[in-house]
1. Please work out which one of (1) surrounded by fewer than 20 Cβ atoms within 10 Å (Cβ to Cβ); (2) within 26 Å of V153 (Cα to Cα); (3) without any contact (Cβ under 8 Å) to a residue 60 or more places away in the chain is the condition Y206 fails and give its number.
2. Here is a list of conditions, (1) within 26 Å of G155 (Cα to Cα); (2) touching a His at 6+ places or on another chain (Cβ under 6 Å), and I45 meets all of them except one; can you say which number that is?
3. Hey, could you check the stretch 209-237 for residues that are over 23 Å from T175 (Cβ atoms) and open to solvent by 50 Å² or more (accessible area, probe 1.4 Å) and say which is nearest to the ligand (Cβ to nearest atom)?
4. Any residue that is at positive phi and within 15 Å of the ligand (Cβ to nearest atom) - is there at least one of those in the stretch 71-81?
5. For residues that are open to solvent by 50 Å² or more (accessible area, probe 1.4 Å) and within 16 Å of the ligand (Cβ to nearest atom), tally how many sit in the stretch 141-172.
6. List every residue pair whose Cβ atoms lie under 6 Å apart, where the two residues are 6 or more positions apart in sequence or sit on different chains, the first residue falls within the stretch 166-178 and is touching a residue at least 24 places away in the same chain (Cβ under 8 Å), and the second residue, located anywhere, is outside any loop (DSSP other than H, G, I, E, B).
7. Name the one entry in R187, R193 that is surrounded by fewer than 19 Cβ atoms within 10 Å (Cβ to Cβ), touching a residue at least 12 places away in the same chain (Cβ under 8 Å), out of contact with any Phe, Trp or Tyr (no Cβ under 6 Å at 6 or more places or on another chain) and in a helix (DSSP H, G or I).
8. Only residues in the stretch 123-142 that are touching a residue at least 12 places away in the same chain (Cβ under 8 Å) count as the first member; pair them with residues that are within 16 Å of the ligand (Cβ to nearest atom) and among the polar types (S, T, N, Q), Cβ under 6 angstrom, at least 6 apart or cross-chain, and list the lot.
Amino acid sequence: MRRKLAAGNWKMNGLKANLSEIEALATAHPAPGSDILLCPPATLIAPMAQAASGTALAIGGQDCHAAASGAHTGDIAAAMLADAGASHVILGHSERRADHDEHNEDVRAKANAALAAGLTCVICVGESEAQRDASNTLDIIGGQLSGSIPDGVTGHSLVVAYEPIWAIGTGRTPTLEQIGEVHDFIRMRLERRFGTGVGRSTRLLYGGSVKPGNAAEIFAVSNVDGALVGGASLKAADFSAIITALEAAPPQG
Ligand code: PGA
């Protein structure tokens, strides 16, 4: 059985005052039946890791540079995230791909840097609405998987998040059949490339407008091992309700 994972992506939101949300979350889930990951902006990684110390919450970054160090003003190396207390890093989020022109090969290079620093990579894939309308979803996802995921990953060091771009922050979600089709496809491609050991132990998250009201039905879909949650992860009460729905969902794997 794969252990489930509820991951929160705070994006460019959050000040020190918002660390109280972490304390509330840790108090609400002292011994959670799923893994819980919070990815705050870089400025909050160290204080959040400190606030989460001794709790079940893991902390992650939202991006890292592909190089280990050097003249890259404004960028952050994977080892720096680890040094600040992160155990995970989100890579290839569609907002990074769009805002910073990141392509699959950039994501792969960053993932290699993250693995070298001992971080677990949460690699994001997802189609645009135009690509879905043109029935190109599985082709796009397949290309992103083979281009973005480096060799040498394990079921521990890799998490894949399926996030349709048109569902992020819009309140719209694919049908449960569409989510299941893509998750089954991702599982099949991972098994084919990495073998059944890695392929079956890698957690697959759905992301895009996950809320307390739709979490349970999404978590019942085959090969959905959790969620990557944006807006609804900012408030402990909402994220906590999603975690509770995940804990109650049928086992997968
Ligand atoms: P959302 O964002 O939950 O606000 O739609 C999800 C994400 O981008 O990870």
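1. The failed condition is (1).
2. For I45, the failing item is (2).
3. By that ranking, first place goes to L234.
4. no
5. 5
6. If the second residue must be outside any loop (DSSP other than H, G, I, E, B), the pairs left are W166/E129; T173/A167.
7. R193
8. From the stretch 123-142, the pairs are I123/S148; V125/Q144; G126/S94.
The values are calculated or read from the model by the stated rules, or taken from the named source; none is laboratory data. Only a predicted model underlies this, so the values are computations on that prediction, with no experimental measurement involved. When we count neighbours, we look across all protein chains shown, and the Cβ atoms used for this are built from the backbone with ideal geometry, even at glycine. Please note that ligands, DNA and RNA were not included when accessible areas were found on the heavy atoms of the full protein model with its side chains. Shrake-Rupley method; radii C 1.70, N 1.55, O 1.52, S 1.80 Å.
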